[in-house]
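Asks: Have a look at this one.
No value in this document is a laboratory result; all are computed from the given coordinates. Remember, predicted model here, so these are calculated numbers, not experimental data. Cβ sites come from the backbone with ideal geometry, for glycine too, and all protein chains shown count toward neighbours.
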Amino acid sequence: MRFNCAVRFSAAIGVIAVAAAAWAQKGEQQAFPDPNQMRTDATIVVTQDAMNAQLIEVTVLDGSFPLSTLEAQCQRLGTTLQSMPRGLSIQTLKVREGEPGFPKAKFAVNNLIDATQGLVRLEPLVRAFGTRPGVPQIRVLTVIVEGIRPSPMTLQSWFTPEVSVRGSMSDMARGAPAALEYRIAISAEDPATVTIPDRHTTPPKEAAPVKEPERSPVMMYVIVVIGSVALGALVYSLMLRLGKGKAN
């Protein structure tokens with residue numbers, strides 16, 4: 001009877017230990033924000049003209065966004081591209097009477113896209129028009145590049161702790177021109193630190209800390225079971241000794 005109790009006790013310890021080991025190995029997969037599930041703060045439409053210049057229209061969907069800040073952002077983009085804005089126009093787009101309207105900028109630059117290779121430089125747009133968290137703010141962008149067809153080098157998506165980018169091809173039904181659409185969600189506190197490649201690539205993986213070699217799960221379970229059986233035998237042996245001591 002004592003032996004059966006000891007075996008049951010040791011078996012229970014073994015089950016609990018195995019369950020704990022299995023739970024410890026279950027890790028949570030890191031998730032990044034999905035831009036498609038977030039409200040857009042600003043839209044940027046890029047069109048290339050016959051002279052290979054890029055015509056850009058930026059519309060901020062918050063009527064309280066300062067026009068002076070939007071103008072400074074356009075200038076910042078030009079500095080990054082080494083092509084200062086030409087024909088810059090900053091105004092408020094009125095949709096309905098009595099409503100504040102939307103801040104809007106129109107201008108032309110170069111060096112933003114390469115239509116022949118299907119390349120779009122999203123990083124300068126994020127660094128120029130993204131803002132730090134606050135009110136008003138620009139943390140989610142929708143970028144539409146008209147008249148460009150994707151190639152194997154075209155960036156499709158990019159997910160890092162600093163930024164999430166998801167691209168898609170527009171519907172070309174009814175003879176509509178080709179276009180790329182990107183939804184971008186900024187997670188970094190400072191958008192100026194965001195890095196996005198110009199072409200398709202794989203996001204870098206963070207270097208994992210050096211760890212001692214781990215035992216395989218099967219070996220760990222075997223060790224747990226063996227230890228449980230040994231514990232049961234030890235309990236049984238102690239019980240026998242106690243029994244003999246009482247008998248004497």
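Asks: Under the definition of Cα pairs under 8 Å and six or more residues apart, what whole-number percent is the relative contact order of region 46-114? Spell out each step's value before the answer.
Replies: Working: 114 pairs, mean separation 28.9, N = 69.
Rounded, it is 42 percent for region 46-114.
Asks: Could you go through region 183-199 in sequence order and give the Karplus-derived ³J(HN,Hα) for each residue, using 6.51 cos²θ - 1.76 cosθ + 1.60 with θ = phi - 60°, rounded to whole Hz, and x for Gly and Pro?
Replies: Here the 3J(HN,Hα) series is 10, 10, 10, 8, 9, 5, 4, 10, x, 5, 8, 6, 10, 9, x, 7, 9 Hz.
Asks: Go through region 31-122 and name the trypsin sites (Lys or Arg not before Pro) that are in a DSSP coil and have 15 or fewer other Cβ atoms within 10 Å of their Cβ. Before the final figure, lay out each step's value.
Replies: On the way: sites: ARG39, ARG76, ARG86, LYS94, ARG96, LYS104, LYS106, ARG121; in loops: ARG39, LYS94, ARG96, ARG121.
In loop regions of region 31-122 (DSSP not H, G, I, E or B), the sparsely surrounded trypsin sites (Lys or Arg not before Pro) are ARG39, LYS94, ARG96.
Asks: Please list the non-local residues whose amide H lies under 5 Å from the amide H of LEU61, H modeled 1.01 Å from N, same-chain partners needing a gap of 5 or more.
Replies: Excluding prolines and chain starts, which carry no amide H, the hits are ALA42, THR43.
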